[in-house]
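Report on one structure; see the data block that follows.
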Amino acid sequence: MDSRRDFLGRISAAAMTASVLGHEAPAEAARPADDGHVLPLPSGPADSTLGSLYPMLKRHLDKLTFPLSFTGKNFTDYREWQKQGRAKVEELLIYRPEPCDPQPEIVRKTERDGYVQEDLSFRTSPEIRVPASLLIPTKMQSPGPALVALHDHGAFYLWGREKLIENDTEHPVLTDFKGRYYGGRSVASELARRGYVVLVIDMFYWGERRMILDDDPADWRERPATLTPQRIQEFHSRASANEQFAARALMVSGLTWPGIMLWDDRRSVDYLLTRPEVDPNRVGCVGLSVGGLRSMYLAAMDERIRAAVVCGWMASFPAQIKSHLRNSIGFTKLIPGLSRWMDYPDVAALAMPAAMLVINGRKDSLFEPAGVQASFDKLTACYDKAGLGDRFRASWYDTPHEFNREMQTEAFAWLDRWLKAN
């Protein structure tokens, strides 16, 4: 009889392509109309990845009206609309543990070039401690501006917050990952050197919170420097194949992945605001890919966020379904029932009056380009309608799925404008 590890190994091998191409993997990258309606979608299953299932879904999608879109004529005051919109998203997220104090525990402090790194954990619920790193500029006048930096998905599970911070013993595979998708930079470290207090956590299912089985070998448990690229890929393949299994477990338990994800990110703001180095009126967030999605949701649902950068994740959900679903919308993003009320850019507009910069690449194959542009247009219309037009900017780059140095220059300047200006 096969062992569980043999069985999972076969699953992992079968999922190798999925782990590289699927779940918004950066290696492959990733229209609403007036009054909150979705734009008409192309008809016919010929070029749909859903084949014969697509026509039935299209008929449903064509009926969506997004009644909680701020573009609707029945909404005039964005503050009143925001209360309804946030309440609906909160209801659908489901996950809402008992509140608790962060009760941080600092593991180590490391002096780095321009900042001090504190590795720690803090509570996001009475049962859960989340591993994190806090970067504090060595030359700053407290209290100063702060950021929650949010790491990506990337079908790259072995590391989480390490994708954004420097490490003296960084694995070459992780270094290569940063080279391809972050312009070779550790973005959180760069922001700390620019004068921001930066907090980065491991998202559920990544880094120290990755799924480890009882009989897993030592190299997957300990992540030694000797871990080979093949072994790293094997772990990522298994994690990718089992992401839907973990999501099923959450759903059966009455939870949602985005609910856990957003709860942890909002509790990150709670912890930041306990720090004397942080000005509570100058807190922002930034992220790439699922980190961009997290940045959007955090700004949308937490009024303490004053500025956000959303890189590599803006789309109309219905526009994705015909041929851009497989590699973009995984369980990390699914909020059951949300599309009955709002499209993705409608949720993003809940961030108002926070300043939001959205960046996407025209060569990012994760997203349907017309849906991205329509989302840009819808967000522009929402901010203009609220009288906040200068607080939203959408930028296209002729690039694939990445947060390159040119994008970072624009993003850093945007954050400086809204979080550093007196």
note = Pairing a residue in the range 216-242 that is of a type in the set (Val, Ile, Thr) with any residue that is surrounded by 11 or more Cβ atoms within 10 Å (Cβ to Cβ), where Cβ atoms lie under 8 Å and the two sit 6 or more apart in sequence or on different chains, gives Thr226/Asp219; Ile232/Leu158; Ile232/His171; Ile232/Val173
ask   = What are the residue pairs meeting all of these: first residue in the range 166-190, first residue more than 21 Å from Pro400 (Cα to Cα), second residue in a loop (DSSP other than H, G, I, E, B), Cβ atoms under 7 Å, and 6 or more apart or on different chains?
value = Glu166/Ser186; Thr169/Ala225; His171/Ala225; His171/Leu227; Ala188/Leu164; Ala188/Ile165; Ser189/Ile165; Ser189/Glu166
inquiry  = Among the residues of the range 181-204, are any at pLDDT below 95 and either polar (S, T, N, Q) or assigned to a helix (DSSP H, G or I) (or both)?
reply    = no
query = surrounded by 15 or more Cβ atoms within 10 Å (Cβ to Cβ), acidic (Asp, Glu) and outside any loop (DSSP other than H, G, I, E, B), is that true of Glu162?
reply = yes
message = Exactly one condition in (1) more than 21 Å from Asp390 (Cβ to Cβ); (2) in contact with a Lys or Arg (Cβ under 7 Å, 6 or more places away or on another chain); (3) assigned to a loop (DSSP other than H, G, I, E, B) is false for Gly330; which is it?
response = (2)
query = Which number in (1) surrounded by fewer than 17 Cβ atoms within 10 Å (Cβ to Cβ); (2) farther than 18 Å from Ala300 by Cβ; (3) not acidic (Asp, Glu) marks the one condition that Pro400 misses?
reply = (1)
query = Can Leu213 be described as aliphatic (A, V, I, L, M), in a strand (DSSP E or B) and under 29 Å from Thr256 (Cα atoms)?
reply = no
note = The residue that is nearest to Ala381 (Cα to Cα), considering only those in the range 51-78 that are polar (S, T, N, Q) and part of a loop (DSSP other than H, G, I, E, B), is Thr71
task = Output the number of residues of the range 264-305 satisfying the condition of being part of a helix (DSSP H, G or I), in contact with a Gly (Cβ under 7 Å, 6 or more places away or on another chain) and surrounded by fewer than 23 Cβ atoms within 10 Å (Cβ to Cβ).
result = 0
ask   = Can you pull out the residues in the range 348-405 that are of a type in the set (Gly, Ala, Ser) and not in a helix (DSSP H, G or I)?
value = Ala351, Ala354, Ala355, Gly361, Ser365, Ala386, Gly387, Ala394, Ser395
task = Might you let me know whether the range 186-205 holds any residue that is within 15 Å of Leu288 (Cβ to Cβ), small (Gly, Ala, Ser) and touching a helix residue (DSSP H, G or I) at 6+ places or on another chain (Cβ under 7 Å)?
result = yes
Residue selected from the range 165-212 under the condition more than 29 Å from Leu250 (Cβ to Cβ) and among the aliphatic types (A, V, I, L, M), by the criterion surrounded by the fewest Cβ atoms within 10 Å (Cβ to Cβ) = Val197
Single residue of Asp364, Asp346 found to be over 12 Å from Phe317 (Cα atoms), of a type in the set (Asp, Glu) and crowded, with 18+ Cβ neighbours inside 10 Å = Asp364
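The values are calculated or read from the model by the stated rules, or taken from the named source; none is laboratory data. Every value quoted in this text rests on a predicted model; they were computed, and no experiment measured them. Using ideal geometry, Cβ is built from the backbone for each residue, glycine included, and neighbour counts are taken over all protein chains shown.
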